[in-house]
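K.L.:
One structure coming up, written as structure tokens, with questions to follow.
The values are calculated or read from the model by the stated rules, or taken from the named source; none is laboratory data. Predicted model, so just to flag it, every value in this text is computed and none were measured. All Cβ positions, even for glycine, are placed from backbone atoms using ideal geometry, and neighbour counts span all protein chains on display. Side chains included, ligands, DNA and RNA excluded: accessible areas come from the protein's heavy atoms. Shrake-Rupley method; radii C 1.70, N 1.55, O 1.52, S 1.80 Å.
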Amino acid sequence: SPSSTGAWTPPTMDLVGVEILVTHPGFTGGGGVFFGYFDISDPLNPTWNGGNIGAGIVFTTVPTAVRNFNGRAYWAVNPLTGQPSLVYSDVLTGRVVTSANQVLTFDDNKPLTALGNLGVGTQLTGAITQSLIVFKGTSGMFQVVGDAASTANPLAKNALSVPTGTLAPNSICSTPKGLAFASPEG
């Protein structure tokens with residue numbers, strides 16, 4: 001159930017490998033459950049579980065969002081103290097983070113409010129440029145490109161010089177023209 005006070009954080013879901021990962025404000029970290037997941041390796045018998053990531057990083061704060069990018073789960077984490085971060089999993093195993101270095105921070109303590117996938121087809125080459133857009137409130141966005149395992153296209157974050165963002169994670173939608181979302185700019 002949503003909290004009757006404070007900001008509402010909607011649940012998010014995304015498929016990584018054979019699991020549908022779920023964030024929800026109802027997860028509290030109690031009993032070691034920071035998020036949920038459906039194991040769909042057997043489509044006729046999906047199973048529901050809850051837990052935490054493990055190995056290099058273990059959640060101490062419940063993640064507010066999850067999004068698949070390049071076959072990895074990217075988890076938005078906003079601790080009460082310290083920098084908000086994006087923790088990314090190993091490829092096709094959204095619940096496994098083997099290195100403590102699998103994290104991106106965004107230069108300040110402003111909370112991460114939403115994640116959206118951006119795929120843009122180019123007319124000239126027919127190629128797809130893809131990125132993960134990280135929203136920071138109503139006035140900031142970052143673009144994450146590449147992958148940590150790639151030398152040709154390494155993982156990088158880029159601050160976007162746009163004076164808007166969103167507090168409405170469920171409004172984000174990929175379109176052929178880019179990413180659409182509810183903005184305070186209209």
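K.L.:
Heavy-atom accessible area per residue, the chain, 1.4 Å probe: how many Å²?
P.N.:
Per-residue accessible area for the chain comes out at 52 Å².
K.L.:
What's the local net charge at Ile133, with K and R +1, D and E -1, over the other residues with C-beta under 12 Å away? Spell out each step's value before the answer.
P.N.:
Working: positive: Arg67, Lys136, Lys157; negative: none.
Counting the neighbours of Ile133, the net charge comes to +3.
K.L.:
Normalised radius of gyration for region 33-186, please: alpha carbon Rg relative to 2.2 N^0.38 Å, two decimal places.
P.N.:
1.08
K.L.:
Moving to a separate point now. Give the carbon-plus-sulfur fraction of the accessible surface of the chain in %, rounded to a whole number; probe 1.4 Å, heavy atoms of protein chains only.
P.N.:
Answer for the chain: carbon and sulfur cover 58 percent of the accessible area.
K.L.:
Do any chymotrypsin sites (Phe, Trp or Tyr not before Pro) in region 1-56 lie in a DSSP loop with no more than 15 other beta carbon atoms within 10 Å, and if so, which?
P.N.:
Sites meeting the loop and neighbour criteria: Trp8.
K.L.:
For Lys157, list the lysines whose Cα falls under 19 Å from its own Cα; do not include residues on the same chain fewer than 8 positions away.
P.N.:
In chain and number order, the partners are Lys110, Lys136.
K.L.:
Another question, then. Counting Lys +1, Arg +1, Asp -1, Glu -1, what net charge surrounds Val18 among other residues with beta carbon under 15 Å of its beta carbon?
P.N.:
-3
K.L.:
What percent does the relative contact order of the chain come to when contacts are Cα pairs within less than 8 Å and at least six residues apart?
P.N.:
13
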